[in-house]
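Structure, as structure tokens:
The values are calculated or read from the model by the stated rules, or taken from the named source; none is laboratory data. For clarity, every value in this text was computed on a predicted model and none was experimentally measured. Glycine gets a Cβ as well: all are built from the backbone with ideal geometry, and neighbour counts include every protein chain shown. Calculation scope for accessible area: heavy atoms of the full protein, side chains included, ligands and nucleic acids excluded. Shrake-Rupley method; radii C 1.70, N 1.55, O 1.52, S 1.80 Å.
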Amino acid sequence: MFYREAGDFKKTYSADNQTFPIKIDRVGYYLALVVAFLVIPFVINDYWANAILLPFLIYSIAAIGLNILVGYCGQVSLGTGGFMAVGAYACYKLMTSFPEVNIFFHVILSGGITGLVCVLFGLPSLRIKGFYLAVATLAAQFFLVWLFNRVPWFYNYSASGQINAPERMVFGIPVTGPNTESWATYLFCLVFLVLSALIARNLTRGMAGRKWMAIRDMDIAAEIIGVNPLKAKISAFAVSGFFVGISGALFFALYLGAVEVGEAFGITKSFLVLFMIIIGGLGSIFGSFAGAAFLVLLPVVLKVVGVDMLGWPTDIVAHLQLVIVGGLIIMFLILEPHGLAQLWRVAKQKLRLWPFPH
């Protein structure tokens with residue numbers, strides 16, 4: 001009754017192929033952008049920024065990058081944490097070596113450097129796939145963490161082995177360092193998330209996305225019809241590494257401020273981002289947002305309900321979180337492989353037909 005296409009007539013191919021073909025969806029999208037840019041910065045506080053908003057924005061970028069590689073191209077990767085570390089350490093070296101350059105460009109360059117590193121470790125995908133490729137990327141995870149721990153040049157020969165983000169400003173407003181405001185870091189990350197989502201959406205709907213999906217569905221058939229598997233797989237690793245590197249740079253510079261690579265970018269980080277796209281939905285940009293939102297909000301909700309309201313011990317709540325995540329992964333893999341994104345699509349389809357049964 002309320003969610004209808006009646007009156008939404010398409011006169012051009014571009015109008016028929018737009019991301020939000022129904023008017024109410026377009027209105028909701030622009031309304032969400034207005035709220036994100038013009039409302040939240042005025043009501044945000046440190047708790048909401050550090051506990052929910054910044055992790056959601058940064059993990060969403062990482063999930064988009066991994067979803068391009070795993071969901072769209074079908075190349076399994078367990079090295080996301082290591083590639084995020086590459087982005088973080090690249091950003092640190094650029095910030096300390098070129099302090100006069102704006103941090104916006106440092107973050108973009110960090111993504112580019114990570115993309116190159118990701119391509120280097122993605123070369124085995126030309127010969128191996130599936131479980132063997134997962135093991136190869138897992139080896140990259142451990143190697144990169146070991147490298148950043150063992151080579152003092154990466155942390156500027158610091159005695160503690162830790163990297164600390166120096167203070168940097170954008171338009172005279174500090175976005176890194178001890179004097180930052182929560183709204184400033186939020187807006188900086190939000191700009192990168194919106195740009196990343198737009199770029200990823202257009203890539204996946206274009207020729208590159210169709211090549212990735214052809215490789216994912218059946219690489220031999222894709223090669224027969226003219227898709228170059230070398231270019232398709234390497235481009236997927238490069239684009240994925242670019243987004244993951246940006247998320248690692250933001251995670252270090254704007255969210256944590258100080259990083260020790262083994263603690264911040266260990267193997268648990270790789271599995272966390274992988275769980276986000278499994279729960280959210282493989283091969284879906286919206287699924288990246290949904291999975292990141294779910295896994296960021298879950299510990300906050302469990303703490304409020306379990307610890308604050310019911311008085312449960314914190315260790316019980318922490319273990320309950322692991323049980324819930326594990327159960328949901330099994331459930332989605334068996335019952336709904338396309339995750340929360342598919343449930344959202346089904347709900348919208350039902351709403352378009354309501355109150356009629358079919």
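Here are some notes:
- Failed item, numbered, when residue 235 is tested on (1) within 26 Å of residue 38 (Cβ to Cβ); (2) polar (S, T, N, Q); (3) open to solvent by less than 50 Å² (accessible area, probe 1.4 Å): (1)
- Each residue in region 92-112 was checked for being buried (at least 21 other Cβ atoms within 10 Å of the Cβ) and of a type in the set (Val, Ile, Thr), and 2 of them qualify.
- Every residue from region 293-319 that is farther than 16 Å from residue 277 by Cβ, open to solvent by 60 Å² or more (accessible area, probe 1.4 Å), part of a helix (DSSP H, G or I) and without any contact (Cβ under 8 Å) to a residue 60 or more places away in the chain: 301, 303, 304, 305, 308, 309, 314, 315, 316, 319
- Lone unmet requirement of (1) closer than 18 Å to residue 74 by Cβ; (2) open to solvent by 30 Å² or more (accessible area, probe 1.4 Å) for residue 255: (1)
- Residues of region 126-159 satisfying the condition of being over 28 Å from residue 257 (Cβ atoms) and over 22 Å from the mean Cα position of the chain (by Cα): 126, 127, 128, 129, 131, 132
- Filter pass, residue 338 being over 20 Å from residue 24 (Cβ atoms), at pLDDT 85 or above and surrounded by 14 or more Cβ atoms within 10 Å (Cβ to Cβ): yes
- Among the candidates 264, 236, 258, residue that is farther than 15 Å from residue 89 by Cβ and either in contact with a Gly (Cβ under 6 Å, 6 or more places away or on another chain) or touching a residue at least 40 places away in the same chain (Cβ under 8 Å) (or both): 236
- Selection status of residue 200, surrounded by 14 or more Cβ atoms within 10 Å (Cβ to Cβ) and touching a strand residue (DSSP E or B) at 6+ places or on another chain (Cβ under 6 Å): no
- Residue that is surrounded by the fewest Cβ atoms within 10 Å (Cβ to Cβ), among those in region 163-173 that are within 13 Å of residue 257 (Cα to Cα) and out of contact with any helix residue (DSSP H, G or I) (no Cβ under 7 Å at 6 or more places or on another chain): 167
- Tallying residues that are in contact (Cβ under 8 Å) with a residue 12 or more places away in the chain, open to solvent by 80 Å² or more (accessible area, probe 1.4 Å) and not in a helix (DSSP H, G or I) within region 341-358 yields 1.
- Annotation for region 131-139: at least one member residue is surrounded by fewer than 15 Cβ atoms within 10 Å (Cβ to Cβ) and not hydrophobic (A, V, I, L, M, F, W, C).
- Among the residues of region 160-185, the one identified as of a type in the set (A, V, I, L, M, F, W, C), closer than 20 Å to residue 97 by Cβ and more than 24 Å from the chain's Cα centre (by Cα) is 169.
- Residue 82 being crowded, with 23+ Cβ neighbours inside 10 Å, in a helix (DSSP H, G or I) and small (Gly, Ala, Ser): yes
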